[in-house]
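Structure first, commentary second.
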Amino acid sequence: MIYDGFELDSKGRALICPRCSNEQINGGEFCKICGVTIINKCSSSGYDTYKNEPWECGTIAEGNARYCIKCGEKTTFFENELLKAWDVEHQEKIIKNDASDLFSSPQKTVHISDEDLPF
């Protein structure tokens, strides 16, 4: 199954804003119209008490990634609810496929002779 996502450029920026559909993306990290982040990256951050400094994973993620492939934390697109939870989308796709299967293939016709009828 391939999950829905957003098309990204070579630097990991969405080509079209995932929230407001603004097509004028001018190289920043945020949409100039709605303010949402247009780079899907790991949102994990914290404070390293050993080194006494803040840190963040920040790994750039694919346009459909809900979790970081490096540390497993949520991505910015998922945190900002730009992507549906995988299980919700999975269930929707199954229901959609099941519904389309009902109408896409002709049903088999069963022939019953008059002799097989009980009356």
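The values are calculated or read from the model by the stated rules, or taken from the named source; none is laboratory data. All figures in this text were calculated on a predicted structure; none of them were measured in a lab. Neighbour counts are summed over all protein chains in view; Cβ atoms, including those assigned to glycine, are modelled from backbone coordinates with ideal geometry.
Number of residues in region 74-85 that are within 10 Å of the chain's Cα centre (by Cα) and either among the charged types (D, E, K, R) or closer than 23 Å to Arg13 by Cβ (or both): the value is 6.
Could you please let me know if Glu73 is surrounded by 15 or more Cβ atoms within 10 Å (Cβ to Cβ), out of contact with any Asp or Glu (no Cβ under 6 Å at 6 or more places or on another chain) and of a type in the set (Asp, Glu)? The answer is yes for Glu73.
In region 19-31, the residues that are surrounded by 13 or more Cβ atoms within 10 Å (Cβ to Cβ) form Cβ pairs under 8 Å with partners that are polar (S, T, N, Q) and part of a loop (DSSP other than H, G, I, E, B), at six or more places apart or across chains, as follows: Arg19/Asn80; Cys31/Asn22. Checking each residue of region 33-56 against the condition of being farther than 28 Å from Asn97 by Cα, touching a Ser or Thr at 6+ places or on another chain (Cβ under 8 Å) and in a loop (DSSP other than H, G, I, E, B) gives at least one match. Scanning region 30-54 for residues that are closer than 19 Å to Glu73 by Cβ, at pLDDT 95 or above and charged (D, E, K, R) yields a count of 1.
Being touching a residue at least 40 places away in the same chain (Cβ under 8 Å) and not basic (Lys, Arg) is a property that does not hold for Pro54. Of the residues making up region 61-91, those that are closer than 17 Å to Cys31 by Cβ and either in contact with a helix residue (DSSP H, G or I) (Cβ under 8 Å, 6 or more places away or on another chain) or not in a helix (DSSP H, G or I) (or both) are Gly63, Thr75, Asn80, Glu81, Leu82, Leu83.
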